[in-house]
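Below is one structure, written out as structure tokens; the observations come after it.
Read the figures in this text as sums done on the coordinates, not as results from a lab. Source: prediction; values computed, not measured. Please note: Cβ atoms are built from the backbone with ideal geometry, for glycine as well, and neighbour counts cover all protein chains shown.
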Amino acid sequence: MRLNKEISDKKLKSLNKNFKDILKQGVIQRAGPAEIELAAKEYIDLPRLSMRFNMHDFSRLSQLINAINKD
């Protein structure tokens, strides 16, 4: 998930606490660009989050996006 700005450690911890139910495993974490983005030189400088989304709870995913954008 590409972001327009970095999120704080506190916010990331809160996201992991409040949205662990939509993950198949692991945690929501900061990530670098994917190989395809590097090859295409697309938005390399933007911060990103990575997670193993369960591909079922799309309304909760929308709530996660709203939580990220809040503030």
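Where does the charge balance sit around I22 when Lys and Arg score +1, Asp and Glu -1, over other residues with C-beta under 13 Å from its C-beta? Overall, the nearby charge balance is +3.
Other residues with beta-carbon under 14 Å from the beta-carbon of M55 carry, at +1 per Lys or Arg and -1 per Asp or Glu, a net charge of +1.
Cβ under 13 Å from S8's Cβ, S8 left aside: what net charge do those residues give with Lys, Arg +1 and Asp, Glu -1? Net charge around S8: +3. In the chain, the longest principal axis of the Cα atoms and the axis of helix 58-69 are about 70 degrees apart. Rounded to the nearest 10 degrees, the inclination of helix 9-18 to the longest alpha-carbon principal axis of the chain is 50 degrees. Diffusion coefficient (Stokes-Einstein, Kirkwood radius over C-alpha pairs, 37 °C, 0.692 mPa s) for the chain: 255 µm²/s, rounded to a whole number.
Looking at region 1-52, the GluC sites (Glu not before Pro) that sit in a DSSP loop and have at most 13 other Cβ atoms within 10 Å of their own Cβ are E6, E42. Selection among S62, I44, A31 by position relative to the dipole of the chain gives S62 as farthest towards the positive end (Cβ unit charges, Cα centre).
Under the criterion of Cα pairs below 8 Å and six or more residues apart, the relative contact order for the chain equals 42 percent.
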